Amino acid sequence: MKHTTETRDDHMIVFLDGRLDTTQADAFEKAMTGLLDEGHTKIIFDCEKLNYISSSGLRIFLIMQKKMMGVAGKFTVCSLQPAIKEIFDMSGFTMIFNIQPDLEAALKEE
Amino acid sequence: MQKHTLRLENKISELDKIRDALEEMAATWGLPPQVSMSVNLALEEAFTNIVNYAYDDDERHEIILHFKLQDNELHIAIRDDGRPYDPTVQDEPDIALPATERPIGGLGIFLIKKIMDEVKYERADNMNQLILKKHIVQ
């Protein structure tokens, strides 16, 4: 999996691209821990190009949510592909996360 | 009836071979992409559990996956020579908990059960065998 980051207004956007499986999870988690250490209070995961996720990947989403709640920050997930959305539904993650249909809607979240 | 066997080592990087095998089966067996993806997820969870928790030594072990497609049913048997472990009796996570109370982890087996129509465990000849079945709707 590849990921790129971009700052827009006061949001830190992470674009996820490819497969977030067990082979990729450690590297991605380290990168995200680094991002949290920078002190961002609004982080968006844009999942438009995320086409596979396993529990190792879901775990990182949960860590982000918990850490952002801990600093009274905002963690938003957007643009989930239908197959990925189904896995979020199965896991009960749809209720936990602020999920927006697209990046534009995610950026409007305050 | 279609058949395929995958012999893997007990290391996480072998997940790439599971992905490749499923992509190939999706193409040659005509599995719908959604099915191939969710089955890949179920197999990743099962395989990762074995690699991480089944062995008491640092030796090389073989994990064998047998795939069979017959009468619109995908049948997968995963065999390993690790310590006896029945994942089907593991407690299910409470997926209604809010984020602050959700434990990190414990989702793997739960996802396997959600994705597959049947999950069965057998112990025979000092091997664990996990049998997964999924009905394929074309």
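The values are calculated or read from the model by the stated rules, or taken from the named source; none is laboratory data. A quick note: this is a predicted structure, and the numbers were derived from the prediction, not measured. Neighbour counts run over all protein chains shown; Cβ positions are idealised from the backbone, glycine included. Ligands, DNA and RNA are excluded from the accessible area calculation, which covers all protein heavy atoms including side chains. Shrake-Rupley method; radii C 1.70, N 1.55, O 1.52, S 1.80 Å.
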Any hit, the range B:35-55, residues being open to solvent by less than 50 Å² (accessible area, probe 1.4 Å), among the charged types (D, E, K, R), part of a helix (DSSP H, G or I) and facing another protein chain (nearest Cβ under 9 Å): yes
Count - residues of the range B:117-138 that are farther than 20 Å from B:Ile63 by Cα and touching a helix residue (DSSP H, G or I) at 6+ places or on another chain (Cβ under 9 Å): 3
Residue satisfying condition, being within 14 Å of chain A (Cβ to nearest Cβ), under 12 Å from B:Leu132 (Cα atoms) and of a type in the set (A, V, I, L, M, F, W, C), within set B:Ile78, B:Ile112, B:Ile95: B:Ile112
Test result for B:Gln129, touching a residue at least 40 places away in the same chain (Cβ under 8 Å), assigned to a loop (DSSP other than H, G, I, E, B) and away from chain A (no Cβ under 14 Å): no
Criterion (outside any loop (DSSP other than H, G, I, E, B), free of Cβ contacts under 8 Å to residues at least 24 places away in the same chain and away from chain A (no Cβ under 14 Å)) met by exactly one of B:Glu23, B:Glu122: B:Glu122
